[in-house]
């Protein structure tokens, strides 16, 4: 087998360094460029035009907007005869003016959705609470089903997947909205599934009593080898329709598919190369911290 000689646990520095490169790239993009939050999170107005006459370009739609608003607006084409225009927060009068200008210039029916910055901040807070609650429930479940060491290792892998996904969003400048939150929660579930498969095999193969680091690490390696191809095949099959959705889907579906694509790839990697090494390192650290140090013998005179 291709993975028969791979030391998944012993080469943890290599796997962690590779993850560290991607994490630094993503975090650097977040710090330098910031996140492209949609109106769901920061407030604003969204104008959806349908049944547009002719085939105007995105720039032509942008030029229709009054008061130099086109320089700040985000304009996207939605299939044939449809456009999505997102602007900063506008007053009721400004919303009416923009809607009327779009209807007259494009000969289209335009609907308006407005979200205040305060409400957007509340949604952002609730989204973070949902992710935090999911992580907490996962820790409790794994602690009860396995043991706390497994829960800590799974948490490291899940946080790794979240940061990788969010970091890639910042790198490519994609809009972060409620669909992104749904995608992240989906990624957490998928990543946890892969991790639990490996952890369950480790628990089955673990000796009934006693702990020896060399023996436990080798057993963990063998457990990964027994299921690694299953994880890779499952992820590959899952990524095929996700990639198709990314290529052929509209903007909202494309954002969702992008988060799934990055998250599933990161989740598969973390389940194999992050979660299990983290488990072995944690157990070795815990064993060393609770093993009493042998008393030193008195010096002979």
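Restricting attention to segment 136-165, report how many residues are out of contact with any helix residue (DSSP H, G or I) (no Cβ under 7 Å at 6 or more places or on another chain) and assigned to a helix (DSSP H, G or I).
8
State yes or no: is residue 164 touching a residue at least 40 places away in the same chain (Cβ under 8 Å), in the same structural domain as residue 259 (by TED's automatic domain parsing) and over 16 Å from the mean Cα position of the chain (by Cα)?
Criteria not met by residue 164.
Filter segment 167-187 for residues that are under 11 Å from the mean Cα position of the chain (by Cα), in contact (Cβ under 8 Å) with a residue 60 or more places away in the chain and surrounded by fewer than 20 Cβ atoms within 10 Å (Cβ to Cβ); which is nearest to residue 32 (Cα to Cα)?
182
With the requirement that a residue be surrounded by 13 or more Cβ atoms within 10 Å (Cβ to Cβ) and farther than 17 Å from residue 150 by Cβ, what does segment 190-218 give you?
190, 218
For a quick check of your reading of the model, give me the residue pairs whose first member lies in segment 130-153 and is assigned by TED's automatic domain parsing to the domain that holds residue 197 and over 25 Å from residue 182 (Cα atoms), whose second is assigned to a helix (DSSP H, G or I) and at pLDDT below 90, with beta-carbon atoms closer than 7 Å and at least 6 apart or on different chains.
146/203; 149/283; 149/286; 150/142
Whether any residue in segment 193-213 is out of contact with any strand residue (DSSP E or B) (no Cβ under 7 Å at 6 or more places or on another chain), closer than 18 Å to residue 19 by Cα, at pLDDT 85 or above and in the same structural domain as residue 32 (by TED's automatic domain parsing) is what I want to check.
yes
The values are calculated or read from the model by the stated rules, or taken from the named source; none is laboratory data. All values derive from a computational prediction rather than experimental measurement. Note: ideal-geometry Cβ built from the backbone for every residue, glycine included; neighbour counts use all protein chains shown.
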